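Following: one structure in structure tokens, then a few remarks.
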Amino acid sequence: MMNLRDNMQQLVDEAAEGGLQYLVCANAPTGTLAEIKETVATLNKTGEAAKKAGLQFCYHNHDMEFKAVEGKVPYHLLLTETDAKNVKMELDLAWAIKGGQNPVQMFKDHPGRFPLWHVKDLDASHNTILPAGSGSIDFKPIFAAAATSGMQHFFVEHDMPNDAMASIKSSYEYITKTLKA
């Protein structure tokens, strides 16, 4: 976020010159309402600049954005106070679920707003990340709502796996055999 606030136009220009379709902000200050307000302003400004450069700007969540701050849920403010055409979301499904959210309901409430997804699973306690299909997340209804969400691309992810190749293989097999059949 600091880079967007200080060097937004340079980052947008470099992404456009590199031929990217999307520019994604992976984290932003959301610890106070003042920080959220500043984040919203920065996201809107960046989204407008990205659109002018032919890019789609997105925001990537973690679970912290779903924890109330001064009575408000930061992610809800990010969705409702940013321009829906210029600021889309790269929804990390696991972090949203860990944050108590239902992705399918989010898609219904904000259709077309989620062109990018991160796909990873969680154990039953939502404390341990697992390969997709080996944990507690029911991905079938989520993938069934892909059109409503506006999903264009999804990325299999597993933060710090013990065996990265085994994790990606397991996730790939689950997705191709179960979700994309």
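The table for this structure:
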item	result
First in region 48-64 and of a type in the set (Lys, Arg), second anywhere and part of a helix (DSSP H, G or I), Cβ under 9 Å, 6 or more apart	Lys52/Val12
Among (1) under 22 Å from Ala26 (Cβ atoms); (2) in contact (Cβ under 8 Å) with a residue 12 or more places away in the chain; (3) in a loop (DSSP other than H, G, I, E, B) - the single one Ser134 does not satisfy	(1)
Within region 140-158, tally of residues that are in contact (Cβ under 8 Å) with a residue 12 or more places away in the chain and surrounded by 14 or more Cβ atoms within 10 Å (Cβ to Cβ)	12
Pairs, first farther than 24 Å from Thr128 by Cα in region 81-93, second modelled with pLDDT of 95 or more and in a loop (DSSP other than H, G, I, E, B), C-beta under 8 Å, six or more apart	Ala84/His110; Ala84/Gly112; Ala84/Arg113; Lys88/Arg113; Lys88/Phe114; Lys88/Pro115; Lys88/Gly150
Filtered residue count, region 1-32, keeping only those that are part of a helix (DSSP H, G or I) and open to solvent by 40 Å² or more (accessible area, probe 1.4 Å)	11
Extreme residue, nearest to Lys108 (Cα to Cα), among residues of region 140-181 that are touching a Phe, Trp or Tyr at 6+ places or on another chain (Cβ under 9 Å) and β-branched (Val, Ile, Thr)	Thr148
Count - residues of region 33-87 that are part of a loop (DSSP other than H, G, I, E, B), open to solvent by 70 Å² or more (accessible area, probe 1.4 Å) and closer than 16 Å to Ala15 by Cα	0
Qualifying residue in region 162-175 (condition: in contact (Cβ under 8 Å) with a residue 60 or more places away in the chain and either surrounded by 17 or more Cβ atoms within 10 Å (Cβ to Cβ) or in a helix (DSSP H, G or I) (or both))	no
Residue in region 90-102 that is closer than 13 Å to Ala146 by Cα, assigned to a loop (DSSP other than H, G, I, E, B) and small (Gly, Ala, Ser) present	no
Some residue of region 110-121 being assigned to a helix (DSSP H, G or I), crowded, with 22+ Cβ neighbours inside 10 Å and touching a strand residue (DSSP E or B) at 6+ places or on another chain (Cβ under 8 Å)	no
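The values are calculated or read from the model by the stated rules, or taken from the named source; none is laboratory data. Keep in mind it's a predicted model, so treat the numbers as computed, not measured. We place every Cβ from the backbone using ideal geometry, glycine too, and count neighbours over all the protein chains shown. What goes into the accessible areas is simple: the full protein's heavy atoms, side chains included, and nothing from ligands, DNA or RNA. Shrake-Rupley method; radii C 1.70, N 1.55, O 1.52, S 1.80 Å.
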